[in-house]
Amino acid sequence: MNSRNGQQKRWDWMEDSDLVKLAQAGVREAFGELVRRHRAKVYGYARTITQESFLAEDIVQEALIRAFMHLGKLMDAERFLPWMNRIVRNQALTKLKKVSAAKERTFTELGSSGTGRDGEADEWNDLDIIMRRLNRSAEELAAREGVPEERLVQKETLETLTSIIGCLNLRERQIVESHFFDQLSPQDIAKLFQLSSANVYQILSRSRKKVIQEKIRITVDHYVRTRKDMGKMKKVILPNNETLGEVRTWTTVADALNTIIKYTDKKLSYPLVMGYTGHAFRINIVPESVHIAGPTAFDFGDVLKRGLQNIGCRANAVDGMKPFINVNTNFVDPALMQKEAMEKRQIHQALPEALDLIHRSLDRGYPVLAWDIFYPEFGIFYGYDDEQRVLYADECGRQETLPYENLGRSILEEIFVLAIEDSFDVNQRDRLNNALQMIVDHYDGKEIEPSSIKGLSAYDVWCKAFQEGTVEPNGNAYNIAVYTDGRRYAVEFLKEIHTSWPDIDESDKQIRALLEEAAEIYVDIAGNFSILHQLFTYPNGGEPNNPDIARQAIEILQNIKKKELSGAELFRNILKHLTK
């Protein structure tokens with residue numbers, strides 16, 4: 001029998017109370033054995049409270065840290081598991097209260113206050129003392145038992161628990177302990193360490209960011225490890241249904257939506273996807289510059305979920321977006337878009353939640369829509385490999401793997417992933433009704449998202465930018481390319497609906513006539529956009545701030561707005577017939 005098996009048998013026959021006493025005395029492996037015995041139970045308990053696997057793992061991780069930090073306070077050594085469950089329950093309730101307000105745990109929650117029995121609280125709150133005691137006891141035990149330390153399962157467990165705060169350097173840890181454990185003010189710390197108050201604030205801020213990053217990294221590690229423990233560690237790559245790698249429009253979100261819909265029971269043409277989800281009719285303009293981000297300056301969650309609902313699909317999303325970022329990535333150093341640059345950026349706080357949604361969706365056979373995988377456009381994830389810790393991605397025809405930790409570390413450092421949860425039956429009449437109502441709401445500017453002007457009012461700020469000579473050529477040309485493409489699909493959408501619409505009663509005949517009239521209007525709108533597209537070709541963008549060219553552009557935009565107002569009125573009339 002080898003020494004490791006002998007050591008394990010020693011733990012196996014010991015009661016929890018004996019292990020607790022050894023752990024309180026500083027024997028790190030004893031605490032590790034307690035974790036090994038009860039981790040699955042406390043994870044299951046947390047899972048029943050949260051109903052979310054990644055959140056349960058996060059709670060268990062933090063509960064273990066608290067148990068590790070405060071084991072000296074456990075008065076009744078025989079009640080370790082109930083004590084752990086109480087910590088888990090408190091952590092879960094706290095987390096659930098805060099999760100809707102903020103995804104980020106505050107650093108102060110890793111600290112603690114209060115006194116324990118026999119003056120032990122001070123020792124258990126001093127990280128250096130804890131680690132010195134644990135390291136010493138581990139070395140002594142290894143020497144006595146002849147057990148190589150690197151082979152101890154408990155060593156890995158405790159290193160994980162301590163590394164969250166162990167990522168700080170000595171000075172940072174001293175200041176953090178003084179502030180959060182000793183409850184000293186930044187001014188008192190400044191005097192103690194002969195620093196300025198500003199230096200103390202900077203160190204606390206930097207330490208907080210480092211701890212959060214380490215916590216996210218460890219959460220991802222635990223997430224993958226939990227999948228392995230539960231037998232879910234695998235590789236999944238969805239079959240290509242002839243939409244992977246396909247680029248059909250400048251509206252990349254429509255390409256992504258078309259791909260994920262094709263994996264459901266919905267059989268829709270590309271123009272129908274563009275129309276029913278509203279993207280053939282959208283217009284968002286960033287004032288003054290007509291920034292390149294305009295076409296994607298909308299609330300992804302609200303717009304995409306509503307569009308899918310029109311078709312008959314319910315979706316969930318993880319939204320880790322930032323406020324509007326005034327960056328045109330066409331003008332940045334290409335090196336900033338590469339993997340090496342990604343790895344230098346912060347790990348995104350929404351990463352564990354996003355990975356959980358991606359895994360669940362792919363395991364059910366549905367790809368996942370995603371934003372900003374390699375650059376700021378929409379794409380999809382169609383596979384994963386847990387062993388290699390990579391996602392299989394397709395963005396604008398670029399198919400490549402992305403390491404788990406690099407999701408959310410592209411140049412904008414944003415995460416948005418959306419997955420179809422299920423589908424339901426919806427007839428053609430309801431689909432059109434819901435889609436036209438969404439389009440009219442958009443035209444009327446009812447979307448609440450401040451980074452751009454949306455709907456028909458967008459034409460006014462676009463004209464104003466031309467009048468004032470503030471148009472950025474590249475961004476303006478991109479906006480035109482997107483909306484030209486969109487209106488062409490609007491024509492195809494309206495024609496396809498007109499062709500397939502029943503001709504049963506007078507109301508149906510009226511709807512068919514209105515659809516035909518609307519299609520003709522959008523042919524004119526698409527033609528006007530094509531003229532703008534020729535004036536301002538992408539990527540150079542022509543001379544939008546030349547006064548003569550600007551006047552020509554304004555005239556075309558005003559004509560488009562007039563036509564689109566007529567189109568909106570026709571849609572309102574169709575809605576009246578649909579609701580009769």
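What to note about this one:
- Hits in the stretch 335-359 (condition: charged (D, E, K, R) and either more than 19 Å from Glu421 (Cα to Cα) or modelled with pLDDT under 80 (or both)): Lys339, Glu340, Glu343, Lys344, Arg345
- Those residues of the stretch 506-532 which are open to solvent by less than 30 Å² (accessible area, probe 1.4 Å) and of a type in the set (Val, Ile, Thr), in sequence order: Ile511, Ile521, Ile525
- Residue check for Gln187: open to solvent by 30 Å² or more (accessible area, probe 1.4 Å), in contact with a Ser or Thr (Cβ under 8 Å, 6 or more places away or on another chain), of a type in the set (S, T, N, Q) and modelled with pLDDT of 80 or more: yes
- The stretch 254-299, residues that are in contact with a Ser or Thr (Cβ under 9 Å, 6 or more places away or on another chain), closer than 23 Å to Ala317 by Cα, assigned to a loop (DSSP other than H, G, I, E, B) and hydroxyl-bearing (Ser, Thr, Tyr): Tyr263, Thr264
- Of the helices (runs of 4 or more DSSP H) lying entirely inside the stretch 1-97, the ones with 3 or more residues being modelled with pLDDT under 80, surrounded by fewer than 19 Cβ atoms within 10 Å (Cβ to Cβ) and polar (S, T, N, Q) are found at 3-12.
- Residue match in the stretch 336-346 (condition: closer than 26 Å to Gly231 by Cβ and either among the basic types (Lys, Arg) or touching a Ser or Thr at 6+ places or on another chain (Cβ under 9 Å) (or both)): no
- Qualifying residue in the stretch 311-320 (condition: within 27 Å of Val471 (Cα to Cα), open to solvent by less than 10 Å² (accessible area, probe 1.4 Å) and part of a helix (DSSP H, G or I)): no
- Pairs with Cβ under 8 Å, 6+ apart, first in the stretch 182-210 and in contact (Cβ under 8 Å) with a residue 24 or more places away in the chain and under 14 Å from Arg171 (Cβ atoms), second among the small types (Gly, Ala, Ser) and surrounded by 15 or more Cβ atoms within 10 Å (Cβ to Cβ): Val200/Ala190
- For Cys313: the one exception among (1) at pLDDT 80 or above; (2) among the hydrophobic types (A, V, I, L, M, F, W, C); (3) farther than 23 Å from His279 by Cβ: (3)
- Thr243 being crowded, with 20+ Cβ neighbours inside 10 Å, within 23 Å of the chain's Cα centre (by Cα) and either farther than 21 Å from Asp422 by Cβ or not small (Gly, Ala, Ser) (or both): no
- The combined condition, being within 22 Å of Ile311 (Cα to Cα) and either of a type in the set (S, T, N, Q) or touching a residue at least 60 places away in the same chain (Cβ under 8 Å) (or both), is fulfilled by Ala256.
- Helices (runs of 4 or more DSSP H) lying entirely in the stretch 435-542 (those with 3 or more residues that are closer than 27 Å to Arg248 by Cβ and not hydroxyl-bearing (Ser, Thr, Tyr)): 473-500, 506-535
- For the stretch 226-253, a tally of residues being outside any loop (DSSP other than H, G, I, E, B) and hydroxyl-bearing (Ser, Thr, Tyr) returns 2.
- Checking each residue in the stretch 434-477 for being open to solvent by less than 10 Å² (accessible area, probe 1.4 Å), of a type in the set (Gly, Ala, Ser) and over 29 Å from Gly312 (Cα atoms) picks out Ala458, Ala465, Gly475, Ala477.
- Extreme residue, most open to solvent (accessible area, probe 1.4 Å), among residues of the stretch 478-505 that are modelled with pLDDT of 95 or more and out of contact with any helix residue (DSSP H, G or I) (no Cβ under 8 Å at 6 or more places or on another chain): Thr499
- Taking the stretch 533-580 as the range and being touching a Ser or Thr at 6+ places or on another chain (Cβ under 7 Å) and either under 25 Å from Glu288 (Cβ atoms) or open to solvent by 70 Å² or more (accessible area, probe 1.4 Å) (or both) as the test, the residues that pass are His533, Lys580.
- Some residue of the stretch 448-459 being closer than 28 Å to Leu357 by Cβ and modelled with pLDDT of 95 or more: yes
The values are calculated or read from the model by the stated rules, or taken from the named source; none is laboratory data. Because the structure is predicted, anything quoted here is derived from the model rather than measured. Glycine also receives a Cβ, built like all others from the backbone with ideal geometry; neighbour counts cover every protein chain displayed. Just the protein is used for accessible areas: all its heavy atoms, side chains included, with ligands, DNA and RNA removed. Shrake-Rupley method; radii C 1.70, N 1.55, O 1.52, S 1.80 Å.
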